[in-house]
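The values are calculated or read from the model by the stated rules, or taken from the named source; none is laboratory data. Please read all numbers here as calculations on a predicted model, not as lab measurements. Neighbour counts run over all protein chains shown; Cβ positions are idealised from the backbone, glycine included. Please note that ligands, DNA and RNA were not included when accessible areas were found on the heavy atoms of the full protein model with its side chains. Shrake-Rupley method; radii C 1.70, N 1.55, O 1.52, S 1.80 Å.
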Amino acid sequence: MDPKADVLVNSDLPYGHILCHEKWRTSSLLQALKGVKILFEKELGVADFHLPSQMRLLYVSECDIIAGNGYKRKLVRYRNASSSFQELVLVERTQLSEQYFSALQRFVVFDLGLSLLPVSGQTEASQLITQIVHGEGRDNPFRRKTSGQLLDSVTVISVQQIPGVGRVKALTLMQNFSSLKEISNASPAELEPIVGEGSAQQIHSFFHRNLITGHWGII
C-alpha cells in the first residue's frame, strides 16, 4: 500500500470525505452521492468504505446473500479486523433476499455484535452515507456517544422495530441497558419500571417468540 494511502486508511478522514474501495468507482451508489468528496484505494481490507469519525462500512448485496454463506466469512473477518473503527453493516433487503434476512440479521447483530441497517439498494445506501458524512461537524446521529452508558443511534433504530416501542421508549431502554442483547435477556419485571407493564410484556414476548421460531424482526 502507498504510504500516503496507509495514513488515510488508519486515520480519521477530513470533513466531507470518504475513502472508497476501487471496485465501487463506477457504481450507482457513488454516482448518487451528493456533496461528498471521494478518495479511492485498492487496499481497504474487508471494508468497502471508510467514513469520517472513525467509521467503516461493509456492504452486503442481494447477490452476496443469495450466493450462499460466503458473506458470513467476510463478516467475521470484518468484525475481527484490528482497528479502532466503529463498524456498520449495510444489507440489501429486497424481495429476493427477504427469506434469508432474519437469519442474517441475527448473525450480524447477536453473534457478531455489529450494527446493521437494511437498505433497499445502492441509492438508499448513498443517501445514508451522505447523511452520515454531512452529519459530522454537527451532531452526527450515527456517532457513538458516552453519557454514563453507551447510546448508539443505530441500536436505537433497531429497538424501535420492536412492536409498541417508539423513539422515546427506545431511548429510555438504551439508557438502562447497554446493548440489544441485554434488552432481549431482560425479564418483564426488569422492563416494567422502565416502559410500563404493557410494553414490558410486548418486548419480552417479541424476543422469546422470535427465539423459539428463529425469526428476528429487528435490525
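General remarks:
- Residues within the reach of a label modelled at LEU128 (point 7 angstrom out along Cα to beta-carbon, backbone nitrogen below 11 Å), restricted to region 93-108, are 93.
- Backbone amide hydrogens, once placed in the peptide plane, bring VAL119 within less than 5 Å of VAL91, GLU92, ARG93, excluding anything fewer than 5 places away on its chain.
- Distance between the 7 Å Cα→Cβ label points at SER84 and GLN175: 3.0 nm.
- Applying 1/(1 + (r/R0)^6) with R0 = 22 Å to the Cβ-Cβ distance of LEU96 and SER28 gives a FRET efficiency near 0.80.
- Looking at region 17-99, the GluC sites (Glu not before Pro) that sit in a DSSP loop and have at most 15 other Cβ atoms within 10 Å of their own Cβ are GLU43.
- Distance in nm between pseudo-label sites at ARG167 and ILE66 (7 Å out along the Cβ direction from Cα): 3.6
- In the structure shown, the pairs LYS34/LYS181; LYS42/LYS72; LYS74/LYS169; LYS37/LYS74; LYS72/LYS181 are assessed against 30 Å; a Cα-Cα span above that value is assigned to LYS34/LYS181; LYS74/LYS169.
- Here the 3J(HN,Hα) profile of region 90-105, calculated from phi with Karplus coefficients 6.51, -1.76 and 1.60 at θ = phi - 60°, is 9, 10, 6, 10, 10, 4, 6, 8, 4, 5, 9, 5, 4, 5, 5, 5 Hz, Gly and Pro shown as x.
- Ranked by solvent-accessible area (1.4 Å probe, protein heavy atoms only, all chains present), the residues ILE66, ILE38, ILE18 order from largest to smallest as ILE66, ILE38, ILE18.
- Which of ILE65, LEU29, ALA47, positive extreme of dipole for region 17-135 (C-beta unit charges): ALA47
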